[in-house]
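The values are calculated or read from the model by the stated rules, or taken from the named source; none is laboratory data. Here the structure is a predicted model, which means the values were calculated and not measured. All Cβ positions, glycine included, derive from the backbone under ideal geometry; neighbour counts span all protein chains shown. Ligands, DNA and RNA are excluded from the accessible area calculation, which covers all protein heavy atoms including side chains. Shrake-Rupley method; radii C 1.70, N 1.55, O 1.52, S 1.80 Å.
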Amino acid sequence: AYVAAFPRGRFLAEALAAVERLTLRPGKVFRDCADCPEMVVVPAGSFEQGSGPATPLARSNEQPARTVRIARPFAIGVYEITFAEWDRCAADGACRSQPIDNGWGRGRRPVIMVSWADVQDFLGWLSARAGQVYDLPSESQWEYVARAGDSGAWVGGAPDSVCEHGNVAGGETGFDWRHEACSDPFSLGTAEVGYFAPNAMGVHDMVGNVAEWTRDCMNLSYLDAPADGSAWQRGLCSSRVTRGGSWFSGSVEIRLSARFALRSGESNDFTGLRVVREVDE
């Protein structure tokens, strides 16, 4: 308003700088409040979601692959929601669940042991605190960001590239399903968010650490799935799709197209959440 009213005003430079700070362009990192999650704006775009029938390690629930178009930019959490963020919600009385940390530590470790209903409590609290509507990503939004331009099975483009980006069940675990290309110091638990390198969109831990709830109901394939980036609200809605694999996951589960079902009332020590919100263009 100032720039329009006073195009040669003495505070023009300050006004333009403020406009720049407040404009949520793709690539911009921001917080809606001091205690709110750090978010990054991702651009609109298209990608191929799922796996082709000849893709190694592919499962039937990842097929048929389809082109999904994300028509508008949106913001997604740079990190998974942490215990510190959850504990603030609990301290305010909005999050009724106070999940255990398995002795791994709280603070910047991703929150675990949270059910679908628990997550809705957190989203309501965060939305009220920030003055913006926060939600879980749709499955398509999740895979779009996780791929960050990669069209293959792995973050970073190759099985050994996963090691730079994710806390997964590597060779050191001895698990039958281990991802032999990797080893890390977090073989039996979570790492603090941000310990591993971000992907090409500047987002950490999209693969490994903890699996992440999405908004989508579970379906056994992608037949008739939405292609506009929206959440699929038909199907087995007593279960929701989780994505990304975790510290407990090996090669099959940490692929970018891998998807899983978790009953809404259940929680475990390898599933947490990440948040999204819309941005004005």
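Against the condition open to solvent by 10 Å² or more (accessible area, probe 1.4 Å) and touching a helix residue (DSSP H, G or I) at 6+ places or on another chain (Cβ under 9 Å), how does Ser251 come out, does it pass?
When the stated conditions are applied, Ser251 passes them.
Taking the condition of being more than 16 Å from the chain's Cα centre (by Cα) and in a loop (DSSP other than H, G, I, E, B), how many residues in segment 249-272 meet it?
Selection size over segment 249-272: 10.
Restricting attention to segment 156-178, report how many residues are farther than 20 Å from Val42 by Cβ, in a loop (DSSP other than H, G, I, E, B) and not basic (Lys, Arg).
Matching residues across segment 156-178 total 8.
Out of Ala225, Ala181, which single residue is open to solvent by 30 Å² or more (accessible area, probe 1.4 Å) and either within 16 Å of Arg109 (Cα to Cα) or not in a strand (DSSP E or B) (or both)?
None of the other options fit; the residue is Ala181.
Which members of segment 184-220 meet the condition of being farther than 19 Å from Pro137 by Cα and either touching a helix residue (DSSP H, G or I) at 6+ places or on another chain (Cβ under 6 Å) or of a type in the set (Asp, Glu) (or both)?
Residues satisfying the conditions are Asp184, Ser187, Glu192, Phe196, Ala197, Leu220.
What number of residues in segment 131-155 are assigned to a helix (DSSP H, G or I), touching a Gly at 6+ places or on another chain (Cβ under 9 Å) and of a type outside the set (A, V, I, L, M)?
5
Name every residue in segment 254-265 that is among the hydroxyl-bearing types (Ser, Thr, Tyr) and either open to solvent by 10 Å² or more (accessible area, probe 1.4 Å) or free of Cβ contacts under 8 Å to residues at least 24 places away in the same chain (or both), in order of residue number.
Listed by number, the list holds a single entry, Ser264.
Restricting the search to segment 20-39, which residues are loosely packed, with under 11 Cβ neighbours inside 10 Å and either at pLDDT below 90 or not aliphatic (A, V, I, L, M) (or both)?
Glu20, Arg21, Leu22
For the subset of segment 82-97 comprising residues that are over 15 Å from Ala34 (Cα atoms) and of a type in the set (A, V, I, L, M, F, W, C), which member is most open to solvent (accessible area, probe 1.4 Å)?
Ala91
Based on what the data block shows, is Ala13 modelled with pLDDT under 90, open to solvent by less than 80 Å² (accessible area, probe 1.4 Å) and assigned to a helix (DSSP H, G or I)?
No; evaluated as a whole, the condition is false for this residue.
Check whether at least one residue in segment 242-253 is in contact with a strand residue (DSSP E or B) (Cβ under 8 Å, 6 or more places away or on another chain), among the β-branched types (Val, Ile, Thr) and over 23 Å from Glu62 (Cα atoms), and report yes or no.
no
Search segment 90-104 for residues that are small (Gly, Ala, Ser) and pair each with any residue that is in a loop (DSSP other than H, G, I, E, B) and open to solvent by 60 Å² or more (accessible area, probe 1.4 Å) when their beta-carbon atoms are under 9 Å apart and the residues are at least 6 apart or on different chains.
What qualifies is Ala90/Arg96; Ala90/Gln98.
Keeping to segment 116-139, report how many residues are surrounded by 20 or more Cβ atoms within 10 Å (Cβ to Cβ), under 30 Å from Ala225 (Cα atoms) and out of contact with any strand residue (DSSP E or B) (no Cβ under 7 Å at 6 or more places or on another chain).
Result for segment 116-139: 2.
May I ask you to say which residue of Arg96, Arg69, Arg108 is of a type in the set (D, E, K, R) and either within 21 Å of Ile254 (Cβ to Cβ) or not in a loop (DSSP other than H, G, I, E, B) (or both)?
Going through Arg96, Arg69, Arg108 in turn, just one is of a type in the set (D, E, K, R) and either within 21 Å of Ile254 (Cβ to Cβ) or not in a loop (DSSP other than H, G, I, E, B) (or both): Arg69.
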